[in-house]
Amino acid sequence: MHANHAVGLATWGNVWIGSYEDKVPCKMSVYGNSASSDPDDEGWVYLGQLNQDPKREAVTKRWSRLTTDLMLAPKDVNDLETKDPIYVDIQLPPVNDKYRYLKVLVHDTFDTSKEDGINRNLQEYFTLQELEVYVKKD
């Protein structure tokens, strides 16, 4: 989807102008901690990852591929409600340990599919509209 207005241009510069495909994570790691929410604590345990090719050539294999197709973009809010959600599952292997806190680190975002080769996300911003965590209850 392309931005029609540069809302927040003074604050965010060119970050949200145009497509946001280069702000969608392609490489993330998930960690768990049962005692501390401090991100620098040494008790974080690696649980799993998302690792997809960020290159332009792999655009059709991206979990977010539908965000790059302007023909499929919703025309308005009513049309948006008819669309299926675009999401990615990060499957973590079952463990017997219990974790109270999760830490999600975004390592990289997809490269833009524009043909001019300009990196519009030099600051490496990323976006997640929603994060859902499903766990097995005792």
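Numbers below:
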read-out	value
For the stretch 35-138: span of alpha carbons on each principal axis (Å, largest first)	46, 33, 22
Distance (nanometres) between label positions extended 7 Å along Cα→Cβ at GLU132 and ALA73	2.6 nm
Length released on extending from GLU81 to ASP38, taking residue separation times 0.36 nm less the Cα-Cα span	11.7 nm
Over 26 Å between alpha carbons, listed pairs LYS103/LYS136; LYS23/LYS103; LYS61/LYS83; LYS27/LYS75; LYS23/LYS61	LYS27/LYS75
Principal semi-axes in Å for the stretch 25-74 [√(5λ), Cα gyration tensor, largest first]	34, 12, 8
³J(HN,Hα) computed for each position of the stretch 84-89 - Karplus, 6.51 cos²θ - 1.76 cosθ + 1.60, integer Hz, glycine/proline x	6, x, 10, 8, 10, 9
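Values in this text are rule-based calculations from the coordinates and carry no lab data. This one's a predicted model, so the numbers in the text were calculated from it and none came from an experiment. Note that each Cβ is placed from the backbone with ideal geometry, even for glycine, and that neighbours are counted across all protein chains shown.
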